[in-house]
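Each remark here refers to the structure printed beneath this line.
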Amino acid sequence: MKPTETPLVSVVIPCHNSRKTIALSVLSALHQTHSSVEVIVVDDASTDETPEIVRKLDCTLIELTDNVGAGPARNRGIAASRGDILFFLDSDVALASDAVANAVRIFEENPSYGAVWGVYGDRPLVDDGVVEWVQVLYGHYRATRKLGPARTGHFASGAVPRRVIDHIGAFDERLRGQYANEDHEFSLRIAENYPVTRTLSVVGYHDDDDQLSSILRKLYRRACSLVPLVLKQRELKPEREATHRPAEVAAALLTTTSLPLVLFSPYLAALPIAFLTWFIGVDLPLLNYVRRTAGWRMVLPSALLSFLYSLAISAGALSGGLRYVLDARFRQRYRTPVGVH
């Protein structure tokens with residue numbers, strides 16, 4: 001790609017039963033200020049009207065007959081694409097109109113970069129209530145505090161040059177399933193080989209989860225399955241870029257596990273109170289951001305949900321740690337080098 005050329009950007013959108021948001025996602029990719037964009041939607045064996053919706057839009061549709069998961073679906077999109085840059089977009093995310101142009105500009109200014117990761121915007125794509133608003137505000141706050149050089153990626157709205165994929169391979173198709181963390185594995189593989197950045201200039205608006213039970217289940221399972229990857233990539237310390245930081249996770253766990261001590265002596269209540277104070281102190285910048293952005297009414301729900309999320313992550317991490325000790329296959333999950341798929 002010559003500096004004077006306008007690079008073709010291939011926007012790859014995997015989807016499965018995404019009728020609620022797929023049109024918003026595709027149209028946002030089609031209406032970019034960057035002049036050279038192709039949009040490739042990979043339907044991962046949807047059973048709803050998603051394919052019919054996509055067929056009415058000006059994009060390429062690849063229909064899979066078997067549900068293979070997001071990583072393999074993205075690989076099918078990569079194989080069908082022609083762009084110098086692959087821009088990965090989730091089917092429940094709609095891009096700001098200048099997102100692709102800003103990613104291209106960053107690559108042109110920094111030709112050695114291996115990826116440009118975007119951030120979620122500070123409002124939901126579709127407003128489904130308090131739980132979703134907390135999710136969106138939490139995600140936006142954490143991401144905007146971790147701008148610049150990055151290790152972990154954000155394939156909901158992130159760009160990778162084709163030369164990088166040609167060099168290190170694409171998504172590991174052995175990592176299948178809803179909580180396989182194939183995106184974390186791939187982003188860490190990129191960060192091992194290239195400089196990577198996270199930027200506020202690439203924004204996507206997310207239709208986030210709005211059911212507490214599904215969020216807790218997702219956080220637990222992801223934390224469990226991330227244990228061998230985090231331990232393998234100790235030099236990159238990926239937990240430092242986690243949305244939920246180790247300090248708040250530890251504080252929530254210690255608050256909860258120390259509560260039974262009160263049964264032995266009321267004086268021991270000082271321990272859970274101290275741990276809870278620690279948790280609030282760690283979360284205070286977030287809560288202040290929520291107050292400034294959404295008002296006082298969102299502060300208490302944010303604090304309560306943050307505490308529950310940290311508990312789910314701690315339980316998942318402990319479960320994953322135990323499985324790591326007992327299950328040799330689990331320990332080896334991310335250890336074999338990956339070739340181009």
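The values are calculated or read from the model by the stated rules, or taken from the named source; none is laboratory data. Nothing here was measured: the structure is a model prediction, and the numbers come from that model. FYI the Cβ positions are ideal-geometry reconstructions off the backbone, even for glycines, and counts take in every protein chain you see. These area figures cover heavy atoms from the full protein model, side chains too; ligands, DNA and RNA do not enter into them. Shrake-Rupley method; radii C 1.70, N 1.55, O 1.52, S 1.80 Å.
Would you be able to say whether some residue in region 50-64 is open to solvent by 30 Å² or more (accessible area, probe 1.4 Å), in contact with a helix residue (DSSP H, G or I) (Cβ under 7 Å, 6 or more places away or on another chain) and part of a helix (DSSP H, G or I)?
yes
Part of a helix (DSSP H, G or I), buried (at least 19 other Cβ atoms within 10 Å of the Cβ) and either modelled with pLDDT of 95 or more or among the small types (Gly, Ala, Ser) (or both): does that describe Gly316?
When the stated conditions are applied, Gly316 passes them.
Could you list, in sequence order, all residues of region 1-22 that are within 18 Å of Gly121 (Cβ to Cβ) and either part of a strand (DSSP E or B) or not polar (S, T, N, Q) (or both)?
Across region 1-22, the qualifying residues are Val11, Ile13, Lys20.
Of the numbered conditions (1) in a helix (DSSP H, G or I); (2) of a type outside the set (S, T, N, Q); (3) modelled with pLDDT of 95 or more, Gly204 satisfies every one except a single condition; which is it?
All conditions are met except number (1).
Check Asp122, Asp128 and return the single one that is surrounded by fewer than 22 Cβ atoms within 10 Å (Cβ to Cβ), in contact (Cβ under 8 Å) with a residue 12 or more places away in the chain, touching a Ser or Thr at 6+ places or on another chain (Cβ under 7 Å) and assigned to a loop (DSSP other than H, G, I, E, B).
Asp122 is the lone residue from the list that is surrounded by fewer than 22 Cβ atoms within 10 Å (Cβ to Cβ), in contact (Cβ under 8 Å) with a residue 12 or more places away in the chain, touching a Ser or Thr at 6+ places or on another chain (Cβ under 7 Å) and assigned to a loop (DSSP other than H, G, I, E, B).
Name the pairs whose Cβ atoms lie under 7 Å apart, with the first residue in region 302-320 and under 21 Å from Leu286 (Cβ atoms), the second open to solvent by 40 Å² or more (accessible area, probe 1.4 Å) and of a type in the set (A, V, I, L, M, F, W, C), and 6 or more positions between them or separate chains?
Listed by first residue and then by second, the contacts come to Leu308/Leu216; Leu311/Leu253; Ala312/Leu216; Ser314/Leu253.
Give Ser28, Ser46 a once-over and let me know the one that is in a helix (DSSP H, G or I), in contact with a strand residue (DSSP E or B) (Cβ under 8 Å, 6 or more places away or on another chain), open to solvent by 10 Å² or more (accessible area, probe 1.4 Å) and among the small types (Gly, Ala, Ser).
Only one candidate passes the filter, namely Ser28.
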